[in-house]
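I'd like to ask some things about the structure below.
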Amino acid sequence: MKQTLKMGDRMDAEIIHGAFSLGEAFKLGTIWEWEQWRNGKLISQWFERNLCTDQGITHVIDVAFSGGTQITAWYVVLFEDNHSPAAGDTYAVPGYTESSAYDEATRPSWQEAGVASKAITNSANKATFTMNATKTIYGAALVGGGTAPSTKGDTAGGGKLFCVSQFASGSKPVVDDDILRVTITLTGADA
C-alpha cells in the first residue's frame, strides 16, 4: 500500500539491528594433560583437546537451566581402539572399546577442586591408571550418572558421556606397570 506524507504529517520508523548474532557463542570444552610413568620415571607428557558430546552438553544445559538432576560423581574411561569421537556418542553407545587393562578395581574418579576463573579441574587429585598388560591406548572419556558409572565396561547403567578425547598422535603404547595420570580441566568461555 502506497501512502504519501503531506506537509505537517509525522512519521516514525524503527530499525532493529543486531538483536541476535550467530557470531556470539559460549564454548565449553576440556583440556587433558597426560603423564606416562615407567619404573618411576616420567617418559612422556602431552596435552589433548576433546569433543563434548550432544549428551554431555544437553545434560549441562538441563541441570543449569531446567532443574535437571546433577551428577555428583564422574569417572575417567580409557579406550583401546582407534575411535574418532562423534557428537552423537552416548554412554550406552560410546563408539569406543573401553580398556579394563589396569589394576584399579573401578574406573578412576574425577575429583574436582571447585570452580575458579571459568574452569574446574582435578589437578589436585589426578585420575591414575596402573596398567596390567601391554596395550595401545587411543584416548579417554569422562562419564557419570546412572546406576554403575564406576564399573569398568558398564554401558547399560543409564549414565552420561560428557566428552571424549582421542589422542592427536593416534595412540600411546603402554606396558604392564606403566602408570597413566590424567588431569582434566573443564573450561567455559565466550567465543
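Just so you know, all these numbers are worked out from the coordinates, no wet-lab data involved. Predicted model, so just to flag it, every value in this text is computed and none were measured. So basically every Cβ, Gly included, is an ideal-geometry build from the backbone, and we count neighbours across all protein chains shown.
Let a ≥ b ≥ c be the square roots of the eigenvalues of the Cα gyration tensor of region 84-182; is it rounded (a/c under 1.5), or, if not, prolate (a/b larger than b/c) or oblate?
Rounded shape, in that the Cα axes give a/c under 1.5.
Further question on the same structure: Once you order the gyration tensor axes a ≥ b ≥ c over the Cα atoms, which shape class does region 131-191 get: rounded for a/c under 1.5, otherwise prolate or oblate by comparing a/b with b/c?
Oblate shape, in that a/c is at least 1.5 and b/c is the bigger or equal ratio.
While we're on this one: What angle do you read, to the nearest 10 degrees and between 0 and 90, between the alpha-carbon axis of helix 54-65 and the longest principal axis of the chain?
Orientation of helix 54-65: about 60 degrees from the principal axis.
Which value in deg cm²/dmol, rounded to the nearest 500, describes the helix-derived mean residue ellipticity at 222 nm for the chain, given -39,500 (n - 2.57) per DSSP H run of n ≥ 4 and division by the residue count?
So the helix-based figure for the chain works out to -2000 deg cm²/dmol.
Calculate I(q)/I(0) for region 48-100 by the Debye formula, one identical point scatterer on each C-alpha and no solvent, and give its log10 at q = 0.18, 0.21, 0.24, 0.26 Å⁻¹ to two decimals.
Listed by q, the Debye log ratios stand at -0.70, -0.89, -1.07, -1.16.
Now a separate question. Provide the per-residue ³J(HN,Hα) series for region 70-76, in order, calculated from phi with Karplus coefficients 6.51, -1.76, 1.60 and θ = phi - 60°, each as a whole number of Hz, with x at glycine and proline positions.
The phi angles translate into 6, 9, 9, 10, 10, 9, 9 Hz.
Most fluctuating residue of GLY146, GLY68, GLY158 in a GNM of the chain with Cα springs under 10 Å: which is it?
Residue with maximal mean-square fluctuation among GLY146, GLY68, GLY158: GLY68.
Give me VAL143, VAL63, VAL93 sorted ascending by neighbouring Cβ count inside 10 Å, so fewest comes first.
Neighbour counts put them in this order, fewest first: VAL93, VAL63, VAL143.
Next question. Filter LYS27/LYS135; LYS126/LYS172; LYS126/LYS152; LYS118/LYS152; LYS27/LYS160; LYS118/LYS172 down to the pairs with a C-alpha to C-alpha distance above 22 Å, please.
LYS27/LYS135; LYS118/LYS152; LYS118/LYS172, as the Cα separations exceed 22 Å there.
Same structure, new question: Taking the Cβ of each residue in ILE179, ILE137, ILE57 as the centre, tally the other Cβ atoms inside 10 Å and list the residues starting with the fewest.
The most exposed by this proxy come first: ILE57, ILE179, ILE137.
In percent, how large is the relative contact order of the chain, given Cα pairs closer than 8 Å and 6 or more residues apart?
Dividing the mean separation by the residue count of the chain yields 30 percent.
Let me have the relative contact order for region 40-136, percent, based on Cα pairs under 8 Å that are six or more residues apart.
Dividing the mean separation by the residue count of region 40-136 yields 25 percent.
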